[in-house]
Amino acid sequence: MKLLVLLALFGLGLAQHDPHIKHGRTTIVHLFEWRWADIAAECERFLGPKGFGGVQISPPNEHIILNSPWRPWWQRYQPISYNLCSRSGSEDELRDMITRCNNVGVNIYVDVVINHMCGVTGGEGTHSSCGSWFNADKRDFPSVPYSSLDFNDNKCRTSSGDIENYGDKYQVRDCRLVGLLDLALEKDYVRGKVADYLNKLIDIGVAGFRVDASKHMWPGDVDVVYRRLNNLNTKWFPGGSRAFIFQEVIDLGGEGISTGEYFHLGRVTEFKYSAKLGTIFRRWNGEKLCYTRNWGEGWGFMPNSNAVVFVDNHDNQRGHGAGGASIVTFWDSRLHKMAVGYMLAHPYGVTRVMSSFRWNRHIVNGKDQNDWVGPPSYSDGSTKPVPVFPDQTCGDGWVCEHRWRQITNMVIFRNVVNGQPHTNWWDNQSNQVAFGRGDRGFIVFNNDDWDLDVTLNTGLPGGTYCDVISGQKEGSSCTGKQIHVGSDGRAHFKISNSEEDPFVAIHAESKL
């Protein structure tokens, strides 16, 4: 009997590792702070046709609204209730977006905040995205409802009530994260309210959840919540499918909590990946691209089957979270395209690309004083729509890295090579490397200060291929470079270190 229970538990955890991405697709894009109406349109006009597998959306729950001009992005991470009205739109708009994205094969993954409510200094009133009244001082959130009985104030053993020592796992999980009111997830009542919130989202068609601040919750508590979740909606997913769970656990080593404590519950964000990849492409600390021959688990990263990976995310592109200045973002567009290209070509992990908005950076002593700035907004604080121009770029402060040709085409590359092994490695013992994905794709990078000029075994069938970085295949011709692969699978590559994009990628579907 005990064995049967263990097998059932193992099966549940395994099911929560599956992102349920539709066949032929592989990659998630985080449309950070986008409005629901804009995401729905983007699924139909771009993400679906270009083969993106899913969208991570910002938290859809009712959140605090902080006074103008302070409308920081992080107010989305301070819940007031689980009502589905946020800066991104109403519940009706959310439902419409989920339906329209699902209908074109693009899954929706919701960023959920279940560790805490708003900050202890949130005050009282109706300054929230749905206008619900609350009183943070008295721990009174009647729209849930939560009361003072539902928080960990009595459990935390620090004088401030906040986490003071990240080496102490009890503090990390029982005290307040930067002053945010810590929910008592050990209480059955709180677990029930959280499960109800997640189940409502499952029932309207989401594929899974990015669980914010997972390391700040006891694995046993969230496990109970996950077990109460409904199966996914059979209108879009096979019967019996479980929600995909990927958990935010920042673990660079040396703290009291490790990613491994959460593997049995779902996938986990591998923050070492972005920190190391940024250091490599920046060529800091003596790191070289040639060292990535055993990239992935060989670098001490978590097992492939547990990892969600990214070059940057909404936190660490602002200097928060993990990785510091090594993180490569849209501000360093040349390196960013190369790093994202490397990630999408390599078989390790479930990949997520970032889609950002710009802000006016103000760096003082290495810290950005404007790291709080919210999305492009009107004077009343409402989020601006995302305008898309005929050349496929976005305006009004929206960056839309996922629409950059090099990144879009590498998303397609990953789809084409999916399931193929990492093969035909080559390097120059410095920062020029190349590798293939079976007989389906091949990529070459030049991150050195001199030209690359070499003939390599690609593993691909003979023929002429369009490079999908400098251009792409359109009809019977290439808009960028052509690469001629001989009958022996070998091809000549020449990449100047001064090129705008010093890398080349070809795949089975870019062959003329």
Considering only Cα-Cα distances, which of the following residue pairs are longer than 28 Å: Lys473/Lys494; Lys272/Lys384; Lys337/Lys494; Lys235/Lys337; Lys50/Lys481? Lys272/Lys384; Lys235/Lys337
With a cut-off of 19 Å, note down the residues of region 101-126 whose backbone N falls inside the zone around a label point 7 Å from the Cα of Asn233 toward its beta carbon. 101-112
At most 13 other Cβ atoms within 10 Å and a DSSP loop assignment: could you name the GluC sites (Glu not before Pro) in region 211-290 that fit? none
P(r) histogram, all alpha-carbon pairs of region 176-310 included - 5 Å bins from 0, percent: 2, 9, 16, 18, 17, 14, 10, 7, 5, 2, 0
For region 13-72, what % of the accessible area comes from carbon and sulfur atoms, probe 1.4 Å? 55 percent
D (µm²/s, integer) via Stokes-Einstein for region 328-421, Kirkwood Rh across alpha-carbon pairs, 20 °C, 1.002 mPa s: value 140 µm²/s
Once Rh for region 293-343 is found with the Kirkwood sum over Cα pairs, what is the Stokes-Einstein diffusion coefficient at 4 °C and 1.567 mPa s, in µm²/s? 108 µm²/s
Could you work out the Rg to Rh ratio of region 368-448, with Rh taken as the Kirkwood radius (inverse of the mean 1/r over all Cα pairs)? 1.18
Angle between the chain longest axis and helix 271-282 axis [Cα atoms, degrees, rounded to 10]: 40 degrees
If you consider only alpha-carbon coordinates, what radius of gyration and Dmax does region 15-168 have, in Å? 18.1, 54
Students often check this: by mean Cβ neighbours within 10 Å, which of 137-143, 456-462, 53-59 ranks highest, and how do the rest follow? 53-59, 456-462, 137-143
Report the net charge of residues surrounding Gln369, where surrounding means a beta-carbon distance below 15 angstrom and charges are Lys +1, Arg +1, Asp -1, Glu -1. +1
Pairing rule first: another cysteine's C-beta must sit under 4.7 Å. Under that rule, which cysteines of the chain stay single? Cys118, Cys290
Run lengths n ≥ 4 of DSSP H only: what is the helix-derived mean residue ellipticity at 222 nm for the chain, with -39500 (n - 2.57) per run over all residues, to the nearest 500? -6000 deg cm²/dmol
Whole-number accessible area per residue in Å² for the chain, which is evaluated in the context of all protein chains at 1.4 Å: 38 Å²
For region 487-492, in order, what is each residue's ³J(HN,Hα) by Karplus, 6.51 cos²θ - 1.76 cosθ + 1.60 with θ = phi - 60°, in whole Hz (x at glycine and Pro)? 5, 8, x, 8, 9, 9
Working from the alpha-carbon coordinates of region 248-315, get Rg over Rh, Rh being the Kirkwood radius. 0.97
Just in region 274-330: which chymotrypsin sites (Phe, Trp or Tyr not before Pro) are loop by DSSP and have at most 16 other Cβ atoms within 10 Å? Trp284
Given the C-alpha centroids of region 294-337 and region 458-500, what is the distance between them in whole angstrom? 28 Å
Degrees between helix 91-103 axis and first principal axis of the chain (Cα, 0 to 90, nearest 10): 30 degrees
Step by step: find N for region 108-203, compute 2.2 N^0.38 Å, then divide the Cα radius of gyration by it. What's the final number? 1.11
Evaluate the Kirkwood expression for the hydrodynamic radius of region 251-408, namely the inverse of the mean inverse distance over all pairs of different C-alpha atoms, and round to one decimal in Å. 17.0 Å
When the accessible area of region 401-441 is computed with all protein chains present and a 1.4 Å probe, what percentage of it is carbon and sulfur? 37 percent
Round to the nearest 10 and give me the degree value, 0 to 90, for the angle of helix 188-203's Cα axis relative to the longest principal axis of the chain. 40 degrees
The chain: relative contact order as a whole-number percent, Cα under 8 Å and 6+ apart: 12 percent
Rounded to the nearest percent, how much of the accessible area of region 111-163 (1.4 Å probe, protein heavy atoms only) is carbon and sulfur? 47 percent
Between region 349-379 and region 170-217, how far is it from one alpha carbon centroid to the other, in angstrom? 25 Å
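The values are calculated or read from the model by the stated rules, or taken from the named source; none is laboratory data. What you are looking at is a predicted structure, and each value in this text was computed from that prediction instead of being measured. When we count neighbours, we look across all protein chains shown, and the Cβ atoms used for this are built from the backbone with ideal geometry, even at glycine. Side chains are part of the model used for accessible areas, which takes the heavy atoms of the whole protein and leaves out ligands, DNA and RNA. Shrake-Rupley method; radii C 1.70, N 1.55, O 1.52, S 1.80 Å.
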